[in-house]
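A short worksheet on the structure shown next.
The values are calculated or read from the model by the stated rules, or taken from the named source; none is laboratory data. In this text the structure is predicted, and so the values were computed from the model without any measurement. Note that each Cβ is placed from the backbone with ideal geometry, even for glycine, and that neighbours are counted across all protein chains shown.
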């Protein structure tokens, strides 16, 4: 069976707890390292973890202070189940060396605050006739066609150094506005901070009509940039930039409501046959029948998240919580999908402020007890180097990590984040 493409919400949810982020058809991560030699060790471990899939899926950028890892199939240009499996393998291999796949903000902080989170930049050019100008840009940049793109007009740097270029159709000339703008794709939990920083630097918001898919910002002279995330992208969603009619390109993974089945490679690693046998489906259905319905489980999980946030506020009263992103729903893995099971990712719960180092142990224990109330009893610990903390709690339903209830908490200076998803349930 051909490996299936993943929607943005499913890809993001599958790797976010590992420190990876979903960006424009790829999974990206940063490993902070003390030296180039250590970086080469990390790169070697990542390549070995991918084995025969390395050439097709993995791109590595090694520097003296960090290793940037990107998983994206060269031939399809869209994240597959296989990439999620490889992200888990790489994370395990890197951890065995004593390093972490750091959250994007933590990785930047570990580099002395001079860095940034993972991001992807594209250049968009407005045109009345792409066939007239595309050859010029392809020639002057020495770019090539994007072989894995759904957009036949997109062009890319063949060595992967420069940003991709795509062409946006317009019906008539607009001499009063620039025809070239930048698209900056950032992790969904970075967008608000990036926009705030841009506004403080003198920018303005031209349009937020398509948020959280993208916001159109401009500098003091009207030059535009779009801050983009994978969220809120659907086939029926209207997309426009400050009044410009636009058919947002389909080539980079847009988070449409696609039901992606588990591939043979991923299913085997998750312990499922592919396709699932009737006996497996029957067993999955029987297990799901013993669990609370989706609505009940979702409500219980939201209560737990709110109580965890309240526990944090009790020791750090300055924390002000807000929800970011949308609730998303998708299929379970393996026979649980055929049995009618679905998963729900809750909106991210985020607060600006800092959790005191001295309070972390007690807070973590409280969070552990609360997460256990919804069945998330397995503790997944990540970085615990003051002042940066992470802990996750996972359930045991559904026979695999993808089908389980999960609660993850990250606390770094200035931000506390809680992400959670309901395990596989019947609606």
- Item | The listed residue being farther than 30 Å from residue 229 by Cβ, modelled with pLDDT of 90 or more and either assigned to a helix (DSSP H, G or I) or not assigned by TED's automatic domain parsing to the domain that holds residue 407 (or both), out of 312, 362, 367, 371 | 362
- Task: Write out, first by first residue and then by second, each pair whose Cβ atoms fall under 6 Å of each other, whose residues are 6+ apart or on separate chains, and whose first residue, in the stretch 186-197, is closer than 21 Å to residue 420 by Cβ while the second is in a helix (DSSP H, G or I).
- Result: 187/104
- Message: I need the full set of residues from the stretch 193-204 which are closer than 16 Å to residue 229 by Cα and either within 19 Å of the chain's Cα centre (by Cα) or not in a helix (DSSP H, G or I) (or both), in order please.
- Response: 193, 194, 195
- Query: Taking residue 355, is it part of a loop (DSSP other than H, G, I, E, B), assigned by TED's automatic domain parsing to the domain that holds residue 396, touching a strand residue (DSSP E or B) at 6+ places or on another chain (Cβ under 7 Å) and surrounded by 14 or more Cβ atoms within 10 Å (Cβ to Cβ)?
  - Reply: yes
- Query: Exactly one of (1) modelled with pLDDT of 90 or more; (2) surrounded by 22 or more Cβ atoms within 10 Å (Cβ to Cβ); (3) out of contact with any strand residue (DSSP E or B) (no Cβ under 8 Å at 6 or more places or on another chain) is unmet by residue 48. Its number?
  - Reply: (2)
- Item | Single unsatisfied condition, residue 88 versus (1) in a helix (DSSP H, G or I); (2) modelled with pLDDT of 80 or more; (3) over 26 Å from residue 15 (Cα atoms) | (3)
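Identify, please: which residue in the stretch 316-328 is part of a strand (DSSP E or B) and in contact (Cβ under 8 Å) with a residue 40 or more places away in the chain and is, among those, surrounded by the fewest Cβ atoms within 10 Å (Cβ to Cβ)?
324
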- Residue in the stretch 18-35 that is in a helix (DSSP H, G or I), touching a strand residue (DSSP E or B) at 6+ places or on another chain (Cβ under 9 Å) and farther than 30 Å from residue 276 by Cα present: no
